[in-house]
Each structure stands twice: as C-alpha cells, then as structure tokens.
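The values are calculated or read from the model by the stated rules, or taken from the named source; none is laboratory data. Bear in mind that the values here come from a model prediction, so they are computed numbers and not experimental data. Positions of Cβ are generated from backbone atoms using ideal geometry, with glycine treated the same way; all protein chains shown enter the neighbour counts.
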Amino acid sequence: MDGGNRVGALLAELALRGSDDEAAVFGRVYGFTDLADLHRGARDVLYHRARKALGDLATLHRKDGRIELRPRAAFCFGDPRCEPDDDVETLRAVAARGVVSVKELAATLGVPDRTAQDVLKRLVEEGALAAEQEGRRKVYRLEDTTFREPTFVGARELTR
C-alpha cells in the first residue's frame, strides 16, 4: 500500500472508530506492529499528510497515546483497502479485451510498465493467465481451465 493509500486507510480507521489507540491504528494501517520509538517518524509523517488531506473538514487530535478524528463538516471518502488490487483489475482487463500486452495493461490501469509486467508475470506463474508470442509482442490471455481440469475437492462428501 503506498503512502496515499495509508492516509486513506488511517482516515477510514478513525472514521469507523472515532478514537483509538495509536499503536492499534498504526498496526491496522501498516499491517505490522508499531514500535513507538522506531516508527515515530513514519507515524508523524502519516498524521501530517492526513491533516493536509482533511483540510478544513476535520481535525486529528493526539493525546495520551490515542488519536481521534473530529469532523467539522459531513464528508465522505472511500477506504482504499476495499479497492480491488492490481491482480483483480488485471484479470478484469484481460477478460474484457481478450488479450492484453504489458503496455496496454499499464495504460488501462494507469501504472508503470514495470508494475504491469510484474502483475502479469505473477498471474502467469499462478496459472491464471497464459503468455503467448503474437508477432513481435507478447500478449496475455485468460487461462480458463474450469472445464478442462475439473476439481474434485470434497466430491466424496457431496455424494454421501
């Protein structure tokens, strides 16, 4: 999750809870335990960015190891943790287009070519996509094995 998404995740956490322990909020936003001395700088920068993003809509208050969001006006925003990740968006793009190249995917998702390349490589390794050479470019297609390789997990339980 990039820095902009961390600000959104912080604001979503505080909007849901109103007030909470700073270490607990940090853990939910960053995905690892807050070590007060080690992460103080990251936490302070996050709060600074959050205050800037809020503008006049709300304030952040810190006291005794707690942080609180105090709205001044009604506002709405999305929680970036609920947005589909690059893998899901890639699969949607490939399904919609039939085939996609690295450059086409990067343009569709609005990400650098390298990011698109990494996502495509991972999905090929996982078996969700197939890579094919089409002239001078490599394209990616959905690898749909649903009807060719049936899965019998739990089949015995279903027939009992």
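The table for this structure:
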item	result
Subset of region 1-15 that is over 15 Å from Ala58 (Cα atoms) and assigned to a helix (DSSP H, G or I) - its residue that is nearest to the chain's Cα centre (by Cα)	Asn5
Residue in region 92-105 that is in the same structural domain as Asp118 (by TED's automatic domain parsing), not β-branched (Val, Ile, Thr) and not in a helix (DSSP H, G or I) present	yes
Which numbered condition Arg66 misses (of (1) loosely packed, with under 15 Cβ neighbours inside 10 Å; (2) at pLDDT below 90; (3) within 27 Å of Asp20 (Cβ to Cβ))	(2)
Any hit, region 99-112, residues being basic (Lys, Arg) and surrounded by 14 or more Cβ atoms within 10 Å (Cβ to Cβ)	no
Scope region 1-21; condition surrounded by fewer than 19 Cβ atoms within 10 Å (Cβ to Cβ) and over 28 Å from Thr115 (Cα atoms); matching residues	Ala15, Leu16, Arg17, Gly18, Ser19, Asp20, Asp21
Within region 9-28, tally of residues that are out of contact with any strand residue (DSSP E or B) (no Cβ under 8 Å at 6 or more places or on another chain) and free of Cβ contacts under 8 Å to residues at least 24 places away in the same chain	6
Filtered residue count, region 27-67, keeping only those that are under 20 Å from Cys82 (Cβ atoms) and touching a Ser or Thr at 6+ places or on another chain (Cβ under 8 Å)	1
The listed residue being more than 21 Å from the chain's Cα centre (by Cα), among the charged types (D, E, K, R) and more than 30 Å from Gly127 (Cα to Cα), out of Asp34, Asp56	Asp56
Checking Val111 against (1) closer than 30 Å to Glu143 by Cβ; (2) among the aliphatic types (A, V, I, L, M); (3) not in a loop (DSSP other than H, G, I, E, B), the condition it does not meet	(3)
Residue, surrounded by the most Cβ atoms within 10 Å (Cβ to Cβ), within region 30-52, restricted to residues that are touching a Lys or Arg at 6+ places or on another chain (Cβ under 8 Å) and modelled with pLDDT under 90	Asp34
Subset of region 113-130 that is surrounded by 14 or more Cβ atoms within 10 Å (Cβ to Cβ) and more than 17 Å from Val88 (Cβ to Cβ) - its residue that is modelled with the lowest pLDDT	Ala130
Subset of region 68-91 [under 15 Å from the mean Cα position of the chain (by Cα), touching a residue at least 12 places away in the same chain (Cβ under 8 Å) and in a loop (DSSP other than H, G, I, E, B)]	Gly78, Asp79
Residues that are within 26 Å of Phe75 (Cα to Cα) and either in a helix (DSSP H, G or I) or in contact with a helix residue (DSSP H, G or I) (Cβ under 6 Å, 6 or more places away or on another chain) (or both), drawn from region 16-41	Leu16, Arg17, Glu22, Ala23, Ala24, Val25, Phe26, Gly27, Arg28, Val29, Tyr30
